[in-house]
Structure formats: C-alpha cells, structure tokens
1. Condition first: at pLDDT 85 or above, farther than 25 Å from Tyr86 by Cα, of a type in the set (Phe, Trp, Tyr) and touching a helix residue (DSSP H, G or I) at 6+ places or on another chain (Cβ under 9 Å). Can you find one or more residues in the range 188-202 that meet it?
2. State whether one or more residues within the range 216-233 are at pLDDT 85 or above, over 18 Å from the mean Cα position of the chain (by Cα) and in the same structural domain as Arg152 (by TED's automatic domain parsing).
3. Mind telling me which of the residues Asn89, Asn138, Asn77 ends up being without any contact (Cβ under 8 Å) to a residue 60 or more places away in the chain, of a type in the set (S, T, N, Q) and either closer than 23 Å to Lys187 by Cβ or surrounded by fewer than 18 Cβ atoms within 10 Å (Cβ to Cβ) (or both)?
4. Which numbered condition in (1) assigned to a strand (DSSP E or B); (2) over 30 Å from Lys118 (Cβ atoms) is the only one that Val45 fails?
5. Residues in the range 102-129 that are farther than 19 Å from Leu36 by Cβ and among the hydroxyl-bearing types (Ser, Thr, Tyr): how many?
6. Specify the residue that is farthest from Gly260 (Cα to Cα); the eligible residues are those in the range 274-323 that are of a type in the set (Ser, Thr, Tyr) and in a helix (DSSP H, G or I).
7. Looking at the range 63-74 only, could you name the residues that are basic (Lys, Arg) and in contact (Cβ under 8 Å) with a residue 12 or more places away in the chain?
8. Out of (1) closer than 24 Å to His109 by Cα; (2) at pLDDT below 95; (3) surrounded by 14 or more Cβ atoms within 10 Å (Cβ to Cβ), what's the single condition that is false for Met1?
Amino acid sequence: MNSDRKPSVSVVIPAYNEAPILEKNLGILCDYMKGLENEYDWEMVIVNDGSTDETGDIADDFGKTRDNVTVLHHMFNFRLGQALRYAFNNCRGDIVVVMDSDLSYSPDHIGRMLARMKESRAKIVIASPYAKGGKVSNVPWLRKVMSVWANRFIAFFARDRYLDRLTTITGMVRAYDRVFLSRLNLKAMDMDINPEIIYKAMILRARIVEIPAHLDWGVEQVPKQGGKARKSGMRILRSILASLISGFIFRPFMFFFLPGLSLLVISLYPLAWVFIHTINFYVKLAGSDLSFGYRLSGAIGEAFALSPHSFIVSGITIIISIQLMSLGILALQNKKYFEELFHVASTVYRHTQEN
C-alpha cells in the first residue's frame, strides 16, 4: 500500500430480493462512507444475485447517480459464495469490506473493522456478535440458538495454536486485505465460502482478529412482508449440514477418529466379559487330559454358548473402530497434503504477481 495516498476501501453488498429496503440502506451506507473520506477513498460493489423482484433495477438506478458505485448482475440466483467471488474479482480497493444489505449490522461496524485492521495489521477482521462485548437482538430464538451452536461447533474444530480463538466462523460481515484475499482461490458457491476463507487463511498463518458486533434484526431495519415477521434465510437442516461440512473441512481427522475411539471404548466391556469367562472356563478344564489347544477352544465355546452377543458386539465394534481410526489417519494425511499444496501454490502466485 502506497503511504503517499489514502488507503482505498471496496464495500461489497450482495443482494437477493431486497427491493423494499435496498435503496434506503444503500443510501445509509453511502452517507456513512462519505464520513470516512478524510481517511479512505472508497467504492461500492453491489451484486444482484439473480433477484426475481426489482432489486436489480433499483441497484442500477442507484449506481447511475454515483461514479464510485458498481452494480453487477447474475442472471440466476447462484447463491452467496458465487456472488461474493464475483464481487471480489471486481474490487479495486486495498481493503474489501462485506456488509449485509439489510443492515442487520449497522454501518459503523465498517469504521471499527477498518480501525482494527490498521491497528492489528490483520489480514481478516470479523464482526462477531458472539465475541466479548457483542450482542444479538430481535433474532428468533431457534435461529439464534442454531447460529450460536453452529459457530461453537465449527470453532471447536477450527482451533489453531497460532491464532486467537474465534467465536464466529460463518459470519459474513468482515474486512479483508484484498491482495491476500485474491490469493485464496475460493471455490465455495454458498454460505460455506465464509468458513472456506477462514480455513485457507489459517493454512497461510494469516492474522485473523474479531471485533464485538451487534447483530440486530430489528423491524426498523427490515420491513414486515405480508404482516409476518422476518424469517431466517437459512433453513435449519441446511444450516446443520453446512456446519457439519465446515467442521469436517477444518478437522476431518476428528470426524473419523473420535467415533472410532468411542466404539473402541464401548467394545472394551463385552471384550472384557469374553476374556474373563474364557479364562474361567479354561481353569475348569485344567484338570482334564485335553491339550492346551482343545482346552482353550472348549473354554471359548462355553463362553460363546453362554453369551454369543458379547462375541458379536465386541468383534463388530472393534473392526469398525479400527476402520474409522484408519480413515481418520488417512484424512489427516490428505489434509496435510492439501495444505502443503495450497501453501506452495499461494507462494508461487504471490511471486508471480510481484514479478
């Protein structure tokens, strides 16, 4: 970044069927960014992601009156990941800030994220309502619980000894170093783009920090439609599946090894029963003239006749547990292999861009 000029900021706004609120909220964001013009140059990139209402027309009309507003369109709804990647490829700022078009995070989060990025030299700053000092308002109870536990679940698997503990992995409202962001080679098409960015940033040992945020689904920001309160755009089953997939991306080893280890522990009880009763029956046959092999097979046969399910349960659980733990080790090796390849590819790309 050239120290002789002000840093520039690209504010990215993905929008899908936001016609009732879009013009007003875009105006609020532009007014806020004008207040930062002493410190930053800025542009706004709006992505109409295949809306079926007047969102695209409203965005076009808004952009015609401002030279620093770019409007991009998808013919169909390709979902969040594709919309963000489209916007990222058209950003020119030194810093990319992603905001939600419904302003559930107020515009002042932009200034706070930019200040935190400047202070910390971080590559990514996340606005987290679950960080200390954060707050959640007017969000339906079930949606709030799902979001909290989804982030806790993913954060558990995303822990990294080189980084502070993150409280939000799925949140979209963030600030990015644009050059760093361009090195990540993002692939996700939907909401999983947010965990993907964190995962790849962790591979590159990038500094990621959070600011406490206020997530507010207040009625003053999002008008009611047909007399009904706002509904979550993320269905429950889809949210659960996305969280599981994201957790698997961060720690695939644990998804196999922990169930395998649990099954191994479960198998110890029937296995101990089989061992103890086999020994007891063997001792009873010790006074006979049978050889060791016959006495042992006879003892095993007596124990099996007494409780065949103990043999079956212990045998099946041990086999499955060994297979799962083996898959966990293979998943760990594959993850390490991918991280090495990604790190090398990112390094090559950086040197190519510099030269």
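1. No.
2. For the range 216-233, residues at pLDDT 85 or above, over 18 Å from the mean Cα position of the chain (by Cα) and in the same structural domain as Arg152 (by TED's automatic domain parsing): present.
3. Within the list Asn89, Asn138, Asn77, the selection yields Asn89.
4. (2)
5. 2
6. Ranking the qualifying residues of the range 274-323, first place goes to Tyr294.
7. Arg66, the sole residue that qualifies.
8. Status for Met1: all satisfied but (3).
The values are calculated or read from the model by the stated rules, or taken from the named source; none is laboratory data. Bear in mind that the values here come from a model prediction, so they are computed numbers and not experimental data. When we count neighbours, we look across all protein chains shown, and the Cβ atoms used for this are built from the backbone with ideal geometry, even at glycine.
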